[in-house]
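Okay, structure first, notes after.
All of the numbers you see were taken from the coordinates with simple rules; none came from a lab. Just so you know, these numbers come straight off a predicted model, no measurement behind them. FYI the Cβ positions are ideal-geometry reconstructions off the backbone, even for glycines, and counts take in every protein chain you see.
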Amino acid sequence: MQDAHEFLRRTISEQPTTLFCIDVDSRAVGGIGIRVGHDVHRHTAELGYWLGEKFWGRGIMSEAVGAFRDFCFTNFPFRRVYAEPFANNPASARVLEKAGFGYEARLKNSVIKNGQLLDSLLYAKTR
């Protein structure tokens, strides 16, 4: 619950976003959304998602990311959607690969999570 509240707090305070709830059996179990770029990046969006740990390993996020990718390219003028999973989260990278996102780069020392400096990975899908 704390992670969900933190996700919403960060999202509301940042750039314009489109957010959807991930629903399993009429229960909110995660979220997926995009943060739209502006100016020269207006045709690019950053994808973010989370899923409650109890629901990991069921293919829920792989299905959600693929469906959301299609929704984004159908409903917005995006030419590129990208995501930056933490390098120490191979499951998230696999979700993106299953949804047709390609690996582009490893971003060294690019994030701090729980006080730990981590690399992130850059994955993208283009139209």
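In µm²/s, what is D for the chain at 37 °C and 0.692 mPa s, where D = kT/(6 pi eta Rh) by Stokes-Einstein and Rh is the Kirkwood radius from Cα pairs? Display every interim value, and only then the final one.
On the way: Rh = 15.2 Å.
For these conditions, the coefficient is 217 µm²/s.
Sorting 39, 70 on the 10 Å Cβ count, fewest up front, what's the list? The partial results should precede the final answer.
Details: 39 5, 70 12.
Ranked by crowding around the Cβ, least crowded first: 39, 70.
In which sequence would 42, 69 go, from the one with the fewest C-beta neighbours within 10 Å to the one with the most? Mind showing how you got there, number by number?
On the way: 42 13, 69 21.
Result, fewest neighbours first: 42, 69.
Give the relative contact order (percent, whole number) for the range 2-126; include only Cα pairs under 8 Å separated by 6+ residues.
Details: 194 pairs, mean separation 22.2, N = 125.
Here the relative contact order equals 18 percent.
Where nothing but the Cβ of Lys and Arg (+1) and of Asp and Glu (-1) is charged, how large is the charge dipole of the chain around its Cα centre, in debye to the nearest 20? Show your work: numbers first, answer last.
Details: 17 positive and 14 negative charges, 50 e Å.
Here the size comes out at about 240 debye.
Which lysines, if any, have their Cα less than 19 Å from the Cα of residue 125, not counting same-chain residues under 8 positions apart?
98
From the backbone phi of the range 40-47, what are the Karplus-calculated ³J(HN,Hα) couplings (6.51 cos²θ - 1.76 cosθ + 1.60, θ = phi - 60°) in whole Hz, Gly and Pro given as x?
5, 9, 5, 9, 10, 9, 9, 8
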